Amino acid sequence: MNRFLPIAILFITSHLFVSAQDKFMSVTIDDMPFQHQSMFESEEQVELVKKIIDHFQKYDVPAVGFVYEGKLYNDKLIDSTKLSILKMWLSSGLELGNHTFSHLDINQVSFEEYKNDLLKGAIISSRLSKEHGIKYEYFRHPYLRSGETKARMLELREFLKDNNYKVAPVTIDNSEWIFAFAYNKAYEQNDSTTMKKLGTDYISYMIAKVKYYEEQSNKLFRKNIKQVLLIHANLLNADYLGYLLKAINEYDYKFITLDETISDKAYETENNYVGRYGPSWIHRWALTKGADESFFAGNPKIPNYIKDYTNIRYE
Ligand SMILES: [Zn+2]
């Protein structure tokens, strides 16, 4: 027997082992402190976000939460209970980022207004982050919209750079918010059967999205890049995030920080996307490279019964 064979076998098996684990993802959570505030008292919001944090801790996920700071106020006064949600988040070692003060659509307001709102959106979160010794450096566009004219897109890009913000991209874009909306409706109607169905379908839908964006990445880069998932701080995730993280984990993903993810060279790809909406960064890069319509085929859709249930016709 060739004396090098055992080493060769060892190399091959360890290489196979590494390949099976060679998938990475960062999880980001928008609209903090809580997405649907009119439905829950501030104290309930604390409990629900605590459940979300517990899920992250159980699966060792270094999530970044994007704060919509206007949500911290009741009329013009800061709600200290809502503020405690951000403190709890930071005390758990999780990072916060800027999601503006009023969640403005960049295509609907002047740049002056958008810029002021963006700066206002950092005041409390940046101070709290500093007090907790956690860095604060990311910006997440509301609705992922980054400008429908080239001038506006470049203006914002320049402004973020000048203010030392790193843009938080999203690759696994999805309509989790529609599931969350439906889930709230079922919750209000005390319909536990529908809640359970929505929760189960949510996991299948999200895994289908992960697979779809893996394929998109393979088509564009010939490899599965480190991915970024977007979800929101809501009741659906308080109840189902644990199942979602477990499913993603079982699909061979390891959760890593957003810093590690965007250090993937793919994130240096040219992105000249200009448009009204906010697609996945993989699609922005594909559009910049001139991909035709066939590239985007196969994007998983929201089940029809949810469209009927919510009356939201969006995909
Ligand atoms: Zn948002």
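Computed values, structure above
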quantity	calculated
Matching residues, segment 150-170, being under 22 Å from the mean Cα position of the chain (by Cα) and part of a helix (DSSP H, G or I)	M153, L156, R157, L160, K161
Top-ranked residue in segment 1-55 [being modelled with pLDDT of 50 or more and among the hydroxyl-bearing types (S, T, Y); ranked as nearest to the ligand (Cβ to nearest atom)]	T28
Segment 277-295: number of residues that are part of a helix (DSSP H, G or I), surrounded by fewer than 18 Cβ atoms within 10 Å (Cβ to Cβ) and touching a residue at least 24 places away in the same chain (Cβ under 8 Å)	1
Evaluation of V228 against (1) surrounded by fewer than 19 Cβ atoms within 10 Å (Cβ to Cβ); (2) closer than 24 Å to Q35 by Cβ; (3) touching a strand residue (DSSP E or B) at 6+ places or on another chain (Cβ under 6 Å) (one fails), failing number	(1)
In segment 207-226, the residues that are of a type in the set (S, T, N, Q) and either free of Cβ contacts under 8 Å to residues at least 40 places away in the same chain or within 30 Å of T194 (Cβ to Cβ) (or both)	N218
Cβ pairs under 9 Å, 6+ apart, first in segment 163-192 and over 21 Å from I207 (Cβ atoms), second modelled with pLDDT under 95 and β-branched (V, I, T)	none
Filtered residues of segment 246-276 (kept if in a loop (DSSP other than H, G, I, E, B), of a type in the set (F, W, Y) and farther than 13 Å from L229 by Cβ)	Y273
Members of segment 156-192 that are under 23 Å from L118 (Cβ atoms), of a type in the set (D, E, K, R) and surrounded by fewer than 16 Cβ atoms within 10 Å (Cβ to Cβ)	R157, E158, K161, D162, K166
Search result, residues across segment 106-134 that are exposed (fewer than 15 other Cβ atoms within 10 Å of the Cβ) and basic (K, R)	R127, K130
Some residue of segment 103-122 being of a type in the set (K, R) and in contact with a strand residue (DSSP E or B) (Cβ under 9 Å, 6 or more places away or on another chain)	no
Subset of segment 207-245 [in a loop (DSSP other than H, G, I, E, B) and either within 16 Å of the ligand (Cβ to nearest atom) or touching a Cys at 6+ places or on another chain (Cβ under 8 Å) (or both)]	A233, N234
Filtered residues of segment 213-224 (kept if surrounded by fewer than 24 Cβ atoms within 10 Å (Cβ to Cβ) and in contact with a helix residue (DSSP H, G or I) (Cβ under 8 Å, 6 or more places away or on another chain))	S217, K219, L220, F221, K223, N224
Neighbours by Cβ (under 8 Å, 6+ apart or cross-chain): first from segment 131-144, in contact (Cβ under 8 Å) with a residue 40 or more places away in the chain and among the hydroxyl-bearing types (S, T, Y); second within 16 Å of the ligand (Cβ to nearest atom) and assigned to a strand (DSSP E or B)	Y136/L96; Y136/G97; Y136/N98; Y138/V64; Y138/F66; Y138/G97; Y138/N98; Y138/V167
Complete set of residues in segment 136-150 that are surrounded by fewer than 21 Cβ atoms within 10 Å (Cβ to Cβ) and within 8 Å of the ligand (Cβ to nearest atom)	Y143
Answer residue from segment 69-105, given it is under 22 Å from G147 (Cβ atoms) and surrounded by 23 or more Cβ atoms within 10 Å (Cβ to Cβ) and is nearest to the ligand (Cβ to nearest atom) among those	H99
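The values are calculated or read from the model by the stated rules, or taken from the named source; none is laboratory data. Everything quoted here is computed from the prediction, not taken from an experiment. Note: ideal-geometry Cβ built from the backbone for every residue, glycine included; neighbour counts use all protein chains shown.
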